[in-house]
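As structure tokens, the structure follows; a few thoughts come after it.
The values are calculated or read from the model by the stated rules, or taken from the named source; none is laboratory data. Quantities reported herein were computed from a predicted structural model and do not represent experimental measurements. For neighbour counting, all protein chains shown are included, and Cβ atoms are generated from backbone atoms with ideal geometry for every residue, glycine included.
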Amino acid sequence: MCTVCGCGSGETTIEGGMQAHSHEHPHEHEHTHAPGIGAARMVQIEQDILSRNAAYADANRQRFDELGIFALNLVSSPGSGKTTLLCKTIEALKAKFPIAVVEGDQQTANDAERIRATGVPALQINTGKGCHLDAHMVGHAVEHLRPAEESLFFIENVGNLVCPAAFDLGEHHKVVIFSVTEGEDKPLKYPDMFAAADVMLLNKCDLLPYLAFDADLAEANAQQVNPALKIYRVSATTGDGLTDWLQWLEAGLAQQRTRHAQTVDQLKARIAALERQLAEP
């Protein structure tokens, strides 16, 4: 949680054309080690932070829904292969759908540059000392990117399995990437993230023959935390297992497009009815 993790204030920057945009992080950032802050005050601060974030997240989600956009929040620990997996996903789908990406890292624009090299627009958010993206930052990024209607919108969060679990960004699903180079007990160590996610991608499965990693146990641990978690075993390197993941994405976007079309039809019908009323003598 931001009140205890040591996030910096006022250090976030968002790319904005030729000039980066300074972004004032909306958290208070009072910390548990600060003198004179009692437990009740800490609880109130955390509630205030999450309440403000939830309002921004609701606005983001409403905007996505109005435009028929399918938004995913990709979360993981550092080194899971998240960016490589995202690049592979983009390469497979960019000819079918418009795609836009928000990249979150403490420093550098390396990942955004990798995404842009695939031919899709990407915006880098550097959080400075911050350990996660929040909904306010993402809202600014959406304003800069202006994603197309009925598109895929990926948010690649800062590599961290703690704070991002608590912060809704307005996404439709959190997708946690968990690699076989980590421990099978990672879901038990960081249960909040696996409980918050709807999908888990077990990545780097091409390395399983060379590692003492029990994939069945890792999946069982994840589903112990979240029995409804949908799991795909994948390899961003070889492409194995990506078909099911891509089909899941296509199905999610199709649902958004259907809802969008229904909303547009309802608005057209309402406008037609109002025009008829105005035309009546």
Is there a residue in the stretch 230-242 that is in a helix (DSSP H, G or I) and more than 20 Å from residue 155 (Cα to Cα)?
no
Restricting attention to the stretch 64-76, which residues are in a helix (DSSP H, G or I) and within 15 Å of the chain's Cα centre (by Cα)?
64
Which residues, counting only those in the stretch 126-143, are touching a residue at least 40 places away in the same chain (Cβ under 8 Å), farther than 16 Å from residue 78 by Cβ and under 17 Å from the mean Cα position of the chain (by Cα)?
134, 135, 136, 137, 138, 139, 140, 141, 142
Of the conditions (1) under 19 Å from the mean Cα position of the chain (by Cα); (2) without any contact (Cβ under 8 Å) to a residue 60 or more places away in the chain; (3) assigned to a helix (DSSP H, G or I), residue 256 fails just one. Which one is it?
(2)
For the list (1) at pLDDT 95 or above; (2) touching a helix residue (DSSP H, G or I) at 6+ places or on another chain (Cβ under 9 Å), I need the number of the one condition that residue 216 fails.
(2)
Of everything in the stretch 231-281, what is under 27 Å from residue 216 (Cα atoms) and either out of contact with any helix residue (DSSP H, G or I) (no Cβ under 8 Å at 6 or more places or on another chain) or among the aromatic types (Phe, Trp, Tyr) (or both)? Give them in sequence order.
232, 243, 244, 245, 247, 248, 251, 252
Here's a check for you: in the stretch 202-213, which residue that is closer than 22 Å to residue 82 by Cβ and in a loop (DSSP other than H, G, I, E, B) is nearest to the chain's Cα centre (by Cα)?
204
Among the residues of the stretch 88-101, is any in a helix (DSSP H, G or I), closer than 20 Å to residue 168 by Cα, within 13 Å of the chain's Cα centre (by Cα) and touching a residue at least 12 places away in the same chain (Cβ under 8 Å)?
no
Single match in 68, 16, 38 (criterion: exposed (fewer than 13 other Cβ atoms within 10 Å of the Cβ) and either at positive phi or at pLDDT below 95 (or both))
38
Of the conditions (1) touching an Asp or Glu at 6+ places or on another chain (Cβ under 8 Å); (2) in a helix (DSSP H, G or I), residue 268 clears all except one; give me its number.
(1)
In the stretch 228-268, the residues that are surrounded by 15 or more Cβ atoms within 10 Å (Cβ to Cβ) and among the polar types (S, T, N, Q):
235, 237, 256
